[in-house]
Structures are given as structure tokens and as C-alpha cells.
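Shown next, in C-alpha cells, is the structure this report addresses.
The values are calculated or read from the model by the stated rules, or taken from the named source; none is laboratory data. It should be emphasised that the depicted structure is a prediction, and the values quoted were computed from it without experimental measurement. Ideal geometry is used to build each Cβ from the backbone, glycine not excepted, and the neighbour counts take in all protein chains shown.
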């Protein structure tokens with residue numbers, strides 16, 4: 001390539017302005033400068049000390065775990081959740097949505113994150129979805145007053161968007177503590193997000209249905225469809241009905257000691 005062609009190529013690339021007054025031979029070998037005395041080297045800046053709280057610096061997830069573990073009753077757990085300021089969902093929600101029902105129930109029903117009706121009322125499973133859940137339970141002779149009901153997380157995400165992985169990680173210790181305090185015999189998991197959060201990874205990936213599955217919290221769970229899913233997709237109601245009949249047969253067998 002001759003000099004004219006090289007100059008034309010540079011112009012096509014946008015190099016149309018000289019940066020130095022004289023040309024520079026960038027291929028010329030330059031001898032390295034001798035190293036200066038060590039005393040002239042610049043020392044690295046000292047580390048910035050982190051604030052030390054009780055027990056050292058704690059992340060929001062660590063504070064959530066510590067706060068949940070300290071609760072020994074459901075009332076203490078509710079107070080711990082209300083006082084926890086490490087999750088941004090608390091600032092955008094209107095109300096805390098805590099568990100409701102019979103604390104001594106043998107069945108704990110866990111549903112998707114709260115929606116607008118739950119956020120306004122502060123009660124779990126309110127609005128049309130709650131009414132549909134009541135119908136689901138009544139179809140097999142169950143009433144919410146005899147059960148314990150909770151949502152996966154205690155605050156509604158803005159716009160009913162799915163909670164992020166970080167938000168789930170912050171809220172999950174409170175749900176696990178709720179399960180440990182209430183100590184139900186079995187869990188009913190409504191919706192795929194709840195199943196993924198509480199079932200072992202292999203089971204949640206297959207989204208098993210129609211069978212009780214061992215959970216990470218030491219008690220069997222029955223995953224099924226959420227009320228919102230069934231309201232949107234009527235074709236899934238037959239499968240949900242089969243799940244509810246299995247639930248009823250299992251509870252009857254435990255009550256009879258079979």
C-alpha cells in the first residue's frame with residue numbers, strides 16, 4: 001500500500017485531523033528508563049475502615065436471618081418483619097401482609113406474593129383470588145378459618161411484578177421461621193414460584209403435581225395451581241381438582257390414624 005492509499009484509508013476511517021505538530025515514529029525502539037529509587041514509589045492508599053456494629057458488619061440477608069431466628073412466637077415474628085428495613089418492598093407496599101388463620105392447624109397454605117387487594121387490606125388472600133381460594137377449599141370440605149394461610153413474601157411488589165431473587169432471599173427467612181414456629185404437618189403450595197422456593201431443585205424443575213413431595217423444611221408439600229392461574233386458565237381446573245381430592249384423602253387418613 002502506497003502512502004496515498006494509506007492516507008485515503010485513514011480519512012475513510014475518520015482520521016482527518018493531526019494530533020501532533022510533528023510526525024512521531026511509533027515503531028522506533030526506545031530504551032526503558034532506569035528504575036527510580038524505592039523511596040520514591042507511591043504507597044497504596046490505606047483501606048477504608050467499615051462501620052462495625054454488634055457482631056460485625058451484617059448484610060441485609062444476614063440481618064433478616066438473625067431477626068427471624070430471634071422470634072419464638074408468631075406475634076414476635078410479625079413484629080420482626082414489620083421492623084425489618086432491609087427490603088425495599090416494605091417502602092413501596094401499603095401494608096404488611098402476615099399469616100392468618102389457625103396457628104395450630106395441621107395444614108399451612110402458602111400462596112404467591114400479595115397483590116393489590118391484599119396490600120390494601122393487609123390480610124392474606126383477599127379480593128377475587130381469595131374468594132376463589134375459598135371455593136377451592138370448600139370443594140373438599142375445608143375452611144380457611146381452620147387452616148393457616150400465608151403468602152410467600154409479606155409485601156406486594158410494585159405493579160404486581162414478580163419479586164427479584166434478592167427480594168426472595170431477604171424474605172425467605174421469615175417464611176421459614178413461620179413454618180418452624182407453626183410446625184404444620186403438611187404444606188399446600190399454590191403456584192410455581194412458591195414451589196420453586198420451597199421444593200428441592202430437581203422436584204421444582206419438573207414441577208411435579210399430583211403427589212406429596214419432601215421439601216427443604218422437613219415436611220411434605222403438595223404443589224398445585226394458584227387461584228390466579230385457575231382463573232386465567234380454566235383447562236387446569238381438572239388437574240387442580242385432582243390435587244384437592246388427594247389433599248382431602250391425605251388429611252382424612254391422618255385424622256383416622258390410617
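Observations on the structure shown:
- Contact map, segment 107-133: first residue free of Cβ contacts under 8 Å to residues at least 40 places away in the same chain and on the phi > 0 side of the Ramachandran plot, second residue surrounded by fewer than 19 Cβ atoms within 10 Å (Cβ to Cβ) and part of a helix (DSSP H, G or I), Cβ cut-off under 6 Å, separation 6 or more or different chains; pairs are 127/117.
- Considering segment 137-210, the qualifying helices (runs of 4 or more DSSP H), each wholly inside and each with 3 or more residues that are modelled with pLDDT of 95 or more, more than 18 Å from residue 229 (Cα to Cα) and in contact with a strand residue (DSSP E or B) (Cβ under 7 Å, 6 or more places away or on another chain), run over 165-182.
- Looking only at segment 112-128, and only at residues there that are in a loop (DSSP other than H, G, I, E, B) and touching a strand residue (DSSP E or B) at 6+ places or on another chain (Cβ under 8 Å), the one that is surrounded by the fewest Cβ atoms within 10 Å (Cβ to Cβ): 123
- Selection count where residues are at pLDDT 90 or above and exposed (fewer than 12 other Cβ atoms within 10 Å of the Cβ), scope segment 212-239: 5
- Residue list for segment 88-114, restricted to those being under 26 Å from residue 219 (Cβ atoms) and within 18 Å of the chain's Cα centre (by Cα): 96, 97, 98, 99, 109, 110, 111, 112, 113, 114
- Residues in segment 140-157 that are under 14 Å from residue 124 (Cβ atoms) and touching a helix residue (DSSP H, G or I) at 6+ places or on another chain (Cβ under 9 Å): 144, 147, 148, 149, 150, 151, 152, 153, 154, 155, 156.
- Within segment 100-111, not a single residue is part of a helix (DSSP H, G or I) and more than 20 Å from residue 75 (Cβ to Cβ).
- When 172, 168, 176 are checked against the criterion of being farther than 17 Å from residue 90 by Cα, touching a residue at least 24 places away in the same chain (Cβ under 8 Å), under 15 Å from the mean Cα position of the chain (by Cα) and surrounded by fewer than 19 Cβ atoms within 10 Å (Cβ to Cβ), a single residue qualifies: 176.
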